[in-house]
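The values are calculated or read from the model by the stated rules, or taken from the named source; none is laboratory data. Please read all numbers here as calculations on a predicted model, not as lab measurements. Cβ sites come from the backbone with ideal geometry, for glycine too, and all protein chains shown count toward neighbours. These area figures cover heavy atoms from the full protein model, side chains too; ligands, DNA and RNA do not enter into them. Shrake-Rupley method; radii C 1.70, N 1.55, O 1.52, S 1.80 Å.
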Amino acid sequence: NWSGSLIVASLTGAFGSSFLYGYNLSVVNAPAGYIKKFYNETWERRYGFFVDEGTLTLLWSITVSIFAIGGLVGAIIVTPIVKFFGRKCTLLLNNVFAVAAALLMSLSLLAGSFEMLILGRIIMGIDAGISLSALPMYLSEISPKEIRGSLGQVTAIFICIGVFTGQVLGLPEIFGQESRWPFLFGAIVVPALIQAAILPFLPESPRYLLLDKHNTSKAEKAFQRFLGKDDVSHEIEEVLAESRAQRNTKLVSILQLLRTRAVRWQIVTVVVTMGCYQLCGLNAIWYYTNNIFSESGINHETIPYVTLSTGAVETLAAVFSGLVIERLGRRPLLIGGFGLMIVFFAVLTVSLTLQNTVHWLPYLSIFCILAIIASFCIGPGGIPFVLTGEFFQQSQRPAAFMIAGTVNWLSNFAVGLLFPFIQAGLQTYCFLVFAGICFAGATYLFFVLPETKNKTFHEISQAFAKRNKVTFEMQEMKHYPGERKSSEEQESNFTSSVDNGETKKGIV
């Protein structure tokens, strides 16, 4: 039951948002040598001598890692933006950052200023930080609960497509040449402009219109567009039940959310999943790929083409996850993905350690790389974003995405900063560190994470109520302490829930 508007909204939103995040992760790899040469020539033209190797390495490291700092800024500022402008309008306004960044980076060579490239990376990071919070929020609120997981996986799928596109455009036949590398960054304007042209014709999130703007007529029209049917009374009533509870509730701040006992384990689970999402070692895999392919005897000139296999496997695995998530659920895919990564990290460590002794072991290393990428994309690659949208009520969701985004980008920066030291100290055994992180994440999720497939936000809250050591009645009162209802309204909004075999009454 995917309506045309739902498909267009998800594809357009992801193409101008998560696609650009994935694209900017991989786009700097192909032209790295040319950009360093540009830095050197610019330095020599300004100061009369070539930059030393240490300074050049520092400049390049800043260029790559500053993207994560911009992402952190975007994750911090997204809460007031989505509250004031709405989910769809935030995605629209975010294109200003993408276009500005593309112009700065693509014109840096012509202007002879590597500072423009670094500044453009910061601004592009801000765009990514905002979009990776606003897009999952938008998709989770416009989709029916029956396909919420599949629609949420669109974010992960387009991240993978973005990575693959960056690899393809970086080939020598396209933009992977010294005179053409600025076009790699100028191409960013295309998804941004397409999103800016299409999104205005699509509705805002109906939940935002109903719960934040209290506009029932627009919310009803939005539901009708996204669900592809005229009778949306059931969906309106389901959201109105939450609206009645939130009538006197303002947007929850981060401190208020952290102090709310009723969502304590939801916050911890989001922090764990987002932390493991970045710290599980996939960035390290990208770091090792060219070296392992070279060790296996593949010609240096053909390595860029073989590397495309990693992006293709990543994309196919993400699509597979999107197709099966509503059948298998979030929990098996997430825990299973981390479990498979542990196995292949262990095999990869043995293979890398012994690959100079057995001629066929480098090919096993290549297989392990592809298997780790596929395992990541099947579960951990996209489900953390889905869970963040499912765990929290409407008034808490912006603050929750800010927390998730902060953990995501800080972990991203930590990997980029610490991995060279880990690799230098442990050599091929560095992957055992990531296997340990995957094991810790999988163990936590096995004991704590409930299945959220086909569940409403209230049902998910009920699943966490016992672990948070609050009854569901207390949970609702803590969410909305200012709400006073008449006994008649309480009576009409009572529903039964089962907790450990005992039937209890909870105010919905």
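The figures follow:
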| read-out | value |
| --- | --- |
| From the options Ala192, Ala156, residue that is at pLDDT 90 or above, under 22 Å from the mean Cα position of the chain (by Cα) and small (Gly, Ala, Ser) | Ala192 |
| Flag if Leu210 is in the same structural domain as Val232 (by the TED database) and either closer than 30 Å to Tyr305 by Cβ or in contact with a Leu (Cβ under 9 Å, 6 or more places away or on another chain) (or both) | no |
| Condition check for Glu146: among the charged types (D, E, K, R) and open to solvent by 10 Å² or more (accessible area, probe 1.4 Å) | yes |
| Residue in region 135-151 that is part of a helix (DSSP H, G or I), over 21 Å from Gly74 (Cα atoms), of a type in the set (Phe, Trp, Tyr) and in the same structural domain as Ile81 (by the TED database) present | no |
| Sole residue being at pLDDT 90 or above and more than 24 Å from Arg87 (Cα to Cα), chosen from Ile372, Ile403, Ile366, Ile378 | Ile372 |
| Flag if Val306 is at pLDDT below 85, assigned by the TED database to the domain that holds Ile292 and not in a helix (DSSP H, G or I) | no |
| Every residue from region 34-61 that is modelled with pLDDT of 85 or more, open to solvent by 50 Å² or more (accessible area, probe 1.4 Å) and within 36 Å of the chain's Cα centre (by Cα) | Tyr34, Lys36, Lys37 |
| Some residue of region 341-348 being out of contact with any helix residue (DSSP H, G or I) (no Cβ under 6 Å at 6 or more places or on another chain), β-branched (Val, Ile, Thr) and not assigned by the TED database to the domain that holds Val168 | yes |
| Which numbered condition Met105 misses (of (1) within 27 Å of Arg397 (Cα to Cα); (2) crowded, with 24+ Cβ neighbours inside 10 Å) | (1) |
| Pairs with Cβ under 6 Å, 6+ apart, first in region 270-284 and over 18 Å from Ile159 (Cβ atoms), second open to solvent by 10 Å² or more (accessible area, probe 1.4 Å) | Val271/Val407; Val272/Tyr444 |
| Looking only at region 25-51, and only at residues there that are touching a helix residue (DSSP H, G or I) at 6+ places or on another chain (Cβ under 6 Å) and of a type in the set (S, T, N, Q), the one that is nearest to Gly112 (Cα to Cα) | Thr42 |
| Output for region 36-51, where each listed residue is assigned to a loop (DSSP other than H, G, I, E, B) and free of Cβ contacts under 8 Å to residues at least 12 places away in the same chain | Gly48, Phe49, Phe50 |
| One residue from Ala346, Ala440, Ala404, Ala374 being open to solvent by 10 Å² or more (accessible area, probe 1.4 Å) and under 20 Å from the mean Cα position of the chain (by Cα) | Ala374 |
